[in-house]
Amino acid sequence: MTSKERMMTAFHRQIPDHVPVCPDISVMVPSKLTGKPFYELFLDGREHNGWTSATYSEAYVEAVKYFGMDGWYIEEKFMDEVQEFWMEWALAYLRANVAAKPDEIMLGGSSASLSVSSPNLFRKYELPFIKQASKICKEAGVISHLHICGRSWKLVQIVAEETDVDVMEPMEEPPGGDVDLAEAKRRVGNKLCIKGRWRRPMGDISDQ
């Protein structure tokens, strides 16, 4: 059996050729195998893939190979097929909602946050839907409202320049995000309604 066949057999509660071995080796094991300090793997100056760096991702794959662990990776072609199927469904669902004549449509997008993704992934998997969805809303006279939390300043600019989105939130400031609300207002305030996040000081507010 291949690693994928072995794990899928176990997932279906059937008997594989042997027990799959796929422990969580986290960050420490791959880092140890490279002989490099932790910070060098993460602060590598390359684009990050989700919560980690490209260098660490490569080190993790090498560690899996080194220990002969079971696992598999989703091929880009398959992800493209999933995206195509999802896009067809999502746009049909959106049109059904627009037909009900709501005041606004909320477009969720936490998975697009640069705290867990990258501008390239955003352009490939998120932006095509946001562009079409916001256009459908605009043509129907419905407000489109986009949520992308965490680090989002680069995405705010892309959304303002390349889509018909009307409202964007939460425009998180550091440390959770990377948006300067004054700068956002100056740069894209003529295109987007900026629904900024108020970050209160830590402490007891029971008497306020």
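Read the figures in this text as sums done on the coordinates, not as results from a lab. The shown structure was predicted, so the numbers you read here are calculated from the model rather than taken from an experiment. Here the Cβ positions follow ideal geometry from the backbone for every residue, glycine too, while neighbour counts run over all protein chains shown.
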### Residue exposure sequence - T55, T9, T2 - by fewest surrounding Cβ within 10 Å
T2, T9, T55
### Query
What lysines could a cross-link reach from K65, if we take a straight Cα to Cα line under 22 Å and drop same-chain neighbours fewer than 8 places away?
K4, K32, K36
### Query
So what are the ³J(HN,Hα) numbers for the stretch 171-182, from phi and the Karplus equation (6.51, -1.76, 1.60; θ = phi - 60°), rounded to whole Hz, Gly and Pro as x?
6, 5, 8, x, x, x, x, 9, 9, 9, 4, 5
### Message
Under 15 Å between alpha carbons, and skipping anything fewer than 8 positions from K154 in its own chain: which aspartates and glutamates qualify?
### Response
E47, E126, E162, E169, E172, E173, D178, D180, E183
#### Entry: Karplus-derived HN-Hα couplings along the stretch 138-152 (A = 6.51, B = -1.76, C = 1.60, θ = phi - 60°), whole Hz, x at Gly and Pro
4, 5, 8, x, 10, 5, 9, 10, 9, 10, 9, 8, x, 6, 9
## Note on the structure
Computed for the stretch 3-67: size of charge dipole around the Cα centre, +1 on C-beta of each Lys and Arg, -1 on C-beta of each Asp and Glu, debye to nearest 20, value 180 debye
### Message
Connecting C-alpha atoms closer than 10 Å in a GNM of the chain, tell me which of F42, F11, F85 has the biggest fluctuation.
### Response
F11
### Query
Ordered by residue, what ³J(HN,Hα) values in Hz, to whole numbers, does the stretch 65-72 give under the Karplus form 6.51 cos²θ - 1.76 cosθ + 1.60, where θ = phi - 60° and Gly and Pro are x?
5, 4, 8, x, 6, 7, x, 7
### Summary
Here the averaged projected area of the stretch 76-194, based on the convex hull of its alpha-carbon atoms and given in nm², is 7.1 nm²
### Summary
Labelled set (1) 77, 59, 40; (2) 49, 45, 30; (3) 58, 42, 38; Cα extents along the principal axes in Å computed from this model equals the value at (3)
#### Entry: Amide H contacts under 5 Å for S118, placed H, 5+ residues apart
G50
#### Entry: Relative exposure of C137, C193, C149, C22, judged by other C-beta atoms within 10 Å (fewest first)
C193, C22, C149, C137
